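For reference, the structure is listed below as structure tokens.
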Amino acid sequence: LENLQPEIKKLAERLRYEVSVRGKQVGWSEKVARFHFKKNLRRIVTELYIRDNCHPFKATLLVWVQIPMWVCVSLALRNCSVGATDSGVQEQFAAGGALWFTDLTAPDSTWILPVSLGLVNLLIVEV
């Protein structure tokens, strides 16, 4: 999308000139000329998006898929660790940690895991 901006700017300037010339020939008011400019600019930009296969919705598609997945995974992990009714599951989480987090049911007092998870997610979104 960013690579198309210079081309869109040039085409918009040319279109503005053509609409102003046509408007003077036909006798359009400023409002009618602005309407025709916007309509034609939208058409030109859509054609550029189709030509280069870079619709803006594609950039946000990952976010709209990732947010519900994150919510579902977060709720599933919470239900596994806190909401489990079977005491065997609680015992496995309490004894199944590694390194500095030996108890998976206790909050991380060092904030290493939450911060690193947030940074990894930010890196995924940016990439």
Q.
When you scan segment 103-115, do you find a residue that is under 30 Å from Gln5 (Cα atoms), free of Cβ contacts under 8 Å to residues at least 60 places away in the same chain and open to solvent by 80 Å² or more (accessible area, probe 1.4 Å), even just one?
A. no
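Could you check segment 14-32 and list, in sequence order, the residues that are open to solvent by 100 Å² or more (accessible area, probe 1.4 Å) and either small (Gly, Ala, Ser) or within 15 Å of Arg43 (Cα to Cα) (or both)?
Arg14, Arg16
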Q: Scan segment 68-127 residue by residue and report those that are at pLDDT 75 or above and of a type in the set (Ser, Thr, Tyr).
A: Ser74, Thr102, Ser109, Thr110, Ser116
Q: Tell me which of these His55 doesn't satisfy, since it passes every other one: (1) modelled with pLDDT of 90 or more; (2) in contact with a Phe, Trp or Tyr (Cβ under 9 Å, 6 or more places away or on another chain); (3) not small (Gly, Ala, Ser).
A: (1)
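Which residues, counting only those in segment 23-36, are without any contact (Cβ under 8 Å) to a residue 12 or more places away in the chain and part of a helix (DSSP H, G or I)?
Keep residues of segment 23-36 that are without any contact (Cβ under 8 Å) to a residue 12 or more places away in the chain, which gives 24-32, 34-35.
Those that are without any contact (Cβ under 8 Å) to a residue 12 or more places away in the chain and part of a helix (DSSP H, G or I): Lys24, Gln25, Val26, Glu30, Lys31, Val32, Arg34, Phe35.
The values are calculated or read from the model by the stated rules, or taken from the named source; none is laboratory data. These numbers come from a predicted model, not from an experiment. Quick reminder, even Gly has a Cβ in these numbers, built from the backbone with ideal geometry, and neighbours come from all protein chains shown. Just the protein is used for accessible areas: all its heavy atoms, side chains included, with ligands, DNA and RNA removed. Shrake-Rupley method; radii C 1.70, N 1.55, O 1.52, S 1.80 Å.
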